[in-house]
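Beneath this line is the structure, given in structure tokens, with notes to follow.
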Amino acid sequence: MMDNASGTDAFYGGIPIFRGFSRLMDPKLYARLPDDWTIGVADIVESTKAIAAQRYKAVNMAGAAVIAAITNALDGREFPFVFGGDGASFAVAPGDLGLAREALAATAAWVKEDLDLAMRVALVPVSAVRAQGLDVRVARFGPSANLSYAMFSGGGLGWAETAMKRGDFAVEAAPPGTQPDLSGLSCRFEEISSSRGVMLSVLVLPAKGVDAGKFRRTIEDIVGIVERSPGAGRPVPSDGPPLRWPPQGVEYEARAARGGSLAKRRAVVLAFTLWAYVIMRFGIRVGNFVPSDYVRQVVENSDFRKYDDGLKMILDCSEELEAELTKRLEAAASAGILRFGLHRQDAAMMTCFVPSAMRSDHVHFIDGARGGYATAATALKAMPI
């Protein structure tokens, strides 16, 4: 078995971080996952029904919980992951596989008991992906100097998700009452209203059998359109997302906490979030914690665009930008280059993973607040393959 210090950390940490999202399709940025690694995938069963019942926040909390649980199980060691709105994907070295399996199983049990959602989870060997003639390659994109996010290519992640939905490579949920370590998982910010006109969820996948060069050039063109727009479509305003007390996510944070009854955890979370709200509201410096620095990092660290076998973005854009993107995507779809799904809404939401507010590498996952990626995926599935 591979030693942890020479496994996940050594491989992933050795991949150079690239800056500038427009470079995301450069194949030289992506490194092949080792053959003995494993891909983890998780999603919410029938997430569209949960979203129809306006349970957007619960769905997002479940997806982010996977990443929080794995990170905590690995004692904060770096590993590649991607948040998908109603789920998440990641990859681990052999030495971390047992811990990841336990954390996944515990998260599935917690999602069922505390969020009343069904989560399916699977662990798929990279070797099984390559046996299908596909690959799993990973890059590290740095949206700021604070941290990096993983990008996946090669088609293997998409195949693993499909295999999971068939019931292959399934990980059984842990017994009822099993609690994953979700320390640092929170959702204290309010919804972020669009300031430019529309909050647009964008999903773009390659059409079956498309020439890789054509798809790459088209994605680069689409990203270029967005990059030229104000703020590159970033949905989080420069002064940070709205903050109120009590936050809308109190109940979810209480359920994610450990120790004592739910009522006690709820009271603790209410007290702590009040203290945090006062500090943030009045800009009170506490030791080395500077509220203005933290807000700036929240903005810079927001995960609003990514690539995992397809382009995913949550954009705050004008009607003109939406029309330009739609026209370009429709033309590429007609040419057999890609498939896409778009979803309009009036706001975005943020789910946070902050193991320590004293560090600058806290992670903030963005999704649309009225269906987001999951609803865009429904539109994409309606397109011809």
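Applying the criterion of being part of a loop (DSSP other than H, G, I, E, B) and under 30 Å from Ala109 (Cβ atoms) to the residues of segment 1-27, the residue that is modelled with the highest pLDDT is Gly7.
In the set (1) over 28 Å from Ala58 (Cβ atoms); (2) touching a strand residue (DSSP E or B) at 6+ places or on another chain (Cβ under 6 Å); (3) not charged (D, E, K, R), Leu315 fails one condition alone, (1).
Of all residues in segment 149-167, one or more are at pLDDT 95 or above, assigned to a loop (DSSP other than H, G, I, E, B) and surrounded by fewer than 19 Cβ atoms within 10 Å (Cβ to Cβ). Taken together, the criteria exclude Met358 from residues that are under 16 Å from the mean Cα position of the chain (by Cα), touching a residue at least 60 places away in the same chain (Cβ under 8 Å) and not in a helix (DSSP H, G or I). Taken as a whole, the structure leaves Ser193 outside the set of residues that are crowded, with 16+ Cβ neighbours inside 10 Å and either under 30 Å from Asp346 (Cβ atoms) or touching a Leu at 6+ places or on another chain (Cβ under 8 Å) (or both).
Taken together, Tyr252, Tyr277 contain a single residue that is under 21 Å from Ala106 (Cβ atoms) and among the aromatic types (Phe, Trp, Tyr), which is Tyr252. Taking the conditions exactly as written (aliphatic (A, V, I, L, M) and surrounded by fewer than 22 Cβ atoms within 10 Å (Cβ to Cβ)), does Ala139 satisfy them or not? Considered against the rule, which asks whether it is aliphatic (A, V, I, L, M) and surrounded by fewer than 22 Cβ atoms within 10 Å (Cβ to Cβ), Ala139 comes out as no. Note on segment 66-119: residues that are at pLDDT 95 or above and basic (Lys, Arg) total 2. In segment 210-239, the residue that is nearest to Arg23 (Cα to Cα) out of those that are surrounded by 15 or more Cβ atoms within 10 Å (Cβ to Cβ) and of a type in the set (Ser, Thr, Tyr) is Thr218. For residues that are assigned to a loop (DSSP other than H, G, I, E, B), buried (at least 20 other Cβ atoms within 10 Å of the Cβ), modelled with pLDDT of 95 or more and touching a strand residue (DSSP E or B) at 6+ places or on another chain (Cβ under 8 Å), tally how many sit in segment 168-189. Of the residues in segment 168-189, 2 are assigned to a loop (DSSP other than H, G, I, E, B), buried (at least 20 other Cβ atoms within 10 Å of the Cβ), modelled with pLDDT of 95 or more and touching a strand residue (DSSP E or B) at 6+ places or on another chain (Cβ under 8 Å).
Looking at Asp116, Asp96, Asp86, can you tell me which residue is under 30 Å from Gln54 (Cβ atoms) and over 20 Å from the mean Cα position of the chain (by Cα)?
Selected residue: Asp116, the only one of Asp116, Asp96, Asp86 that is under 30 Å from Gln54 (Cβ atoms) and over 20 Å from the mean Cα position of the chain (by Cα).
Return the residues of segment 343-367 that are in contact with a strand residue (DSSP E or B) (Cβ under 7 Å, 6 or more places away or on another chain), of a type in the set (Gly, Ala, Ser) and more than 16 Å from Pro242 (Cβ to Cβ); say none if nothing qualifies. Passing the criteria: only Ala357. Among the residues of segment 322-381, those identified as of a type in the set (D, E, K, R) and more than 30 Å from Thr273 (Cβ to Cβ) are Glu322, Glu324, Lys327, Arg328, Glu330, Arg339, Arg344, Lys381.
The values are calculated or read from the model by the stated rules, or taken from the named source; none is laboratory data. These figures come from a predicted structure and were not determined experimentally. Methodologically, a virtual Cβ is constructed for each residue, glycine included, from the backbone with ideal geometry; neighbour enumeration extends over all protein chains shown.
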